[in-house]
Amino acid sequence: MQRAFAERCRWIEVSLQVRADAEIAMRAQNWSSGLAIESIFREELGQLLPRRYQVTCGTLSDRDGLTAGDCDVVVFNDIWFANVKQRATTEDRQHVMPIEGAYAVIEVKQTLSRKTLIDALEKLVICHRLNRPSTPINQMVENRTFDVQPPNRLGNPLFTAVVAARRDPKVPLESLVSAFVEINQHLKRSEMVNCLCVLGEACYFWGWVPEGSNEANIATFYGPQDRQQSLMLIQAVPDDDESPLGALVSRLYGHITNSVLRDAQDIPSFYGIGQSFQPYSSGALLIPPASAQGPIT
């Protein structure tokens with residue numbers, strides 16, 4: 001049982017690839033396979049993560065009214081955060097969630113090419129650039145803080161990843177990895193995409209080597225070192241007995257369980273409720289302070 005969860009991830013990865021191949025084959029009949037593959041991935045990821053994390057799709061919006069458009073996979077906290085716009089029906093894909101309530105965003109591609117990679121990275125960078133106030137480390141849960149001077153550490157960095165069911169056989173994996181690195185080199189640390197995962201081939205994320213050490217630390221983007229050190233790619237490949245999907249789930253699991261989202265109590269006012277409150281015009285309806293009130297009779 002020591003490797004039960006790892007084996008579970010491995011078999012889910014195989015299942016995803018088989019189901020993706022079956023959906024892609026339907027293109028011969030002019031059916032689209034992209035949405036089906038996204039749905040399959042959401043279903044499987046939802047089975048792997050604890051139930052407190054909603055795995056859904058939809059649009060993320062910020063308090064300035066900007067959106068990143070429709071996202072394939074959003075790991076969202078629907079316990080503390082309400083939707084800005086609910087689905088018209090239970091089957092409707094179109095709904096809008098506040099960016100403050102998102103733990104992670106994943107773009108799923110049926111076939112990874114240079115174009116689909118760039119499209120996915122563009123969507124994820126836009127998600128990072130939405131107005132998402134940082135949570136200080138003294139935020140315990142989404143509606144409680146404790147009174148300490150927080151260190152220089154974030155509580156809610158957004159996790160982002162590109163996941164592909166397969167790679168375009170005409171495009172070398174090294175070329176796609178180089179493009180992933182090159183694009184991230186031009187981004188701020190707060191905008192970098194955390195992970196690139198090609199099922200059955202490899203999973204890549206960021207790391208850094210502490211001074212005097214020969215081993216790399218995983219860059220979580222919580223602490224100041226992750227934002228200041230030179231970063232390198234860390235990879236997990238099947239040859240090392242680590243399935244790419246398992247590596248992604250492990251990294252995502254570690255991120256969301258260490259993340260505490262922004263205080264949720266002001267979400268209604270951030271998104272348009274209560275901004276027109278003002279005193280009632282009649283001063284005759286004032287209630288005096290308790291010290292000025294007579295005895296209750």
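Every number in this text was worked out from the coordinates using simple rules, so none of it is lab data. Please read these numbers as outputs of a predicted model, since none were measured by experiment. FYI the Cβ positions are ideal-geometry reconstructions off the backbone, even for glycines, and counts take in every protein chain you see.
Label point of Arg51 set 7 angstrom out along Cα-Cβ; within the range 91-114, no amide nitrogen lies under 16 Å from it.
Based on the inverse mean of 1/r over its pairs of different Cα atoms, what is the Kirkwood hydrodynamic radius of the range 49-125, in Å?
On the way: mean 1/r = 0.0759 Å⁻¹.
Averaging 1/r across every pair of different Cα atoms and inverting gives 13.2 Å.
Annotation: lysines with alpha-carbon distance below 24 angstrom to Lys188 (same-chain offsets under eight excluded): Lys115, Lys123.
For Val181 and Met232, the difference between the fully extended length at 0.36 nm per residue and the C-alpha to C-alpha distance is 17.5 nm. Distance between the 7 Å Cα→Cβ label points at Glu7 and Asn214: 3.3 nm. When peptides 10-19, 243-252 are sorted by average Cβ neighbour count within 10 Å, with the highest value leading, the order is 243-252, 10-19.
Counting only DSSP beta bridges with both residues in the range 15-135, the antiparallel share comes to about 80 percent. Overall size of the range 231-273 from C-alpha positions, given as principal axis extents largest first: 54, 21, 17 Å.
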